[in-house]
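Here is the structure we will look at.
The values are calculated or read from the model by the stated rules, or taken from the named source; none is laboratory data. Please read all numbers here as calculations on a predicted model, not as lab measurements. Cβ: placed from backbone, ideal geometry, glycine included. Neighbour counts: every protein chain shown.
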Amino acid sequence: MIDEIATNPKVCKYIDMPLQHISNLCLLAMNRPPKDHTMNLLNKLRERIPDLALRTTFISGFPSEREEDHAELVSFVKTFAFQRMGAFAYSEEEGTPAAEYEEQLDEELRQARRDELISLQQGIGEEWARGMHGKEVDVLVDGVTEDGELFGRTQWDAPDIDNIVFLSESEDDSVPRLEVGQMRRCVVTGRSIFDLEAVPVV
């Protein structure tokens with residue numbers, strides 16, 4: 001599968017892996033693979049697939065999550081720098097084993113830990129967007145905003161989840177005008193926080 005993603009131009013270089021946590025104690029409580037297994041897989045993916053964007057999701061405040069577990073997760077998010085990441089605070093769901101665990105964390109603490117992860121990822125996302133300036137990317141023209149602005153997405157953007165690309169017409173009259181449904185080669189000219197701004201080049 002890795003080779004197919006790496007070499008097939010028809011396959012998006014985008015993988016969503018909801019890791020949930022990185023601390024071994026939390027992973028054990030969640031009945032998920034250990035940290036070493038996860039790290040080996042993540043590193044293999046990044047090494048073998050050029051231009052790969054990895055998306056993941058983490059849970060904050062899982063029952064028995066210690067301060068050091070959360071600190072380990074924060075450090076991991078900083079150093080690995082996922083291109084796309086979400087986080088949500090744990091909530092008890094009736095009928096699940098975790099809902100019966102005794103060490104349920106205070107709701108305010110769950111939210112605070114989630115907010116820390118989200119704030120951290122915002123900075124990483126902005127840095128990624130800054131690094132895209134001047135690069136050429138293929139953009140699928142998705143639609144028009146309420147303000148009449150065309151927008152689309154790259155191969156690294158899942159619809160209704162990830163960032164979008166705001167599109168402007170080229171000043172070069174030889175470049176065809178944009179139409180919804182097209183796949184167009186564009187150059188990134190700027191950003192709006194995490195979202196990119198681009199114009200078609202062909």
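Filtering segment 133-156 down to residues that are part of a loop (DSSP other than H, G, I, E, B) and free of Cβ contacts under 8 Å to residues at least 40 places away in the same chain, which residue is nearest to L28 (Cα to Cα)?
Pass one, segment 133-156, residues part of a loop (DSSP other than H, G, I, E, B): 133-135, 145-149, 154-156.
Filter again for free of Cβ contacts under 8 Å to residues at least 40 places away in the same chain, leaving 145-149.
Details: T145: 44, E146: 46, D147: 48, G148: 49, E149: 47 Å.
This residue is T145.
Residues are listed down the side, and each one gets a yes or a no for (1) surrounded by 12 or more Cβ atoms within 10 Å (Cβ to Cβ); (2) of a type outside the set (A, V, I, L, M):
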{"site": "E65", "(1), (2)": "yes, yes"}
{"site": "A87", "(1), (2)": "yes, no"}
{"site": "A99", "(1), (2)": "yes, no"}
{"site": "V137", "(1), (2)": "yes, no"}
{"site": "D147", "(1), (2)": "no, yes"}
{"site": "I161", "(1), (2)": "no, no"}
{"site": "S168", "(1), (2)": "yes, yes"}
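Going through (1) under 22 Å from A129 (Cβ atoms); (2) touching a Leu at 6+ places or on another chain (Cβ under 8 Å); (3) without any contact (Cβ under 8 Å) to a residue 40 or more places away in the chain one by one, P34 falls short only on (1).
Are any residues in segment 86-111 hydrophobic (A, V, I, L, M, F, W, C) and in contact (Cβ under 8 Å) with a residue 40 or more places away in the chain, and if so, which ones? Even if it seems obvious, please write down each step before you answer.
Restricting attention to segment 86-111, the residues satisfying the condition of being hydrophobic (A, V, I, L, M, F, W, C) are 87-89, 98-99, 105, 109.
Within segment 86-111, A98, L105, L109 qualify.
If you check R130 against the conditions, is it exposed (fewer than 13 other Cβ atoms within 10 Å of the Cβ), touching a Lys or Arg at 6+ places or on another chain (Cβ under 8 Å), touching a residue at least 12 places away in the same chain (Cβ under 8 Å) and not in a loop (DSSP other than H, G, I, E, B)? Against the criterion (exposed (fewer than 13 other Cβ atoms within 10 Å of the Cβ), touching a Lys or Arg at 6+ places or on another chain (Cβ under 8 Å), touching a residue at least 12 places away in the same chain (Cβ under 8 Å) and not in a loop (DSSP other than H, G, I, E, B)), R130 qualifies.
Within segment 42-56, the set of residues being exposed (fewer than 14 other Cβ atoms within 10 Å of the Cβ) and at pLDDT 95 or above comprises N43, K44, R46, E47, R48.
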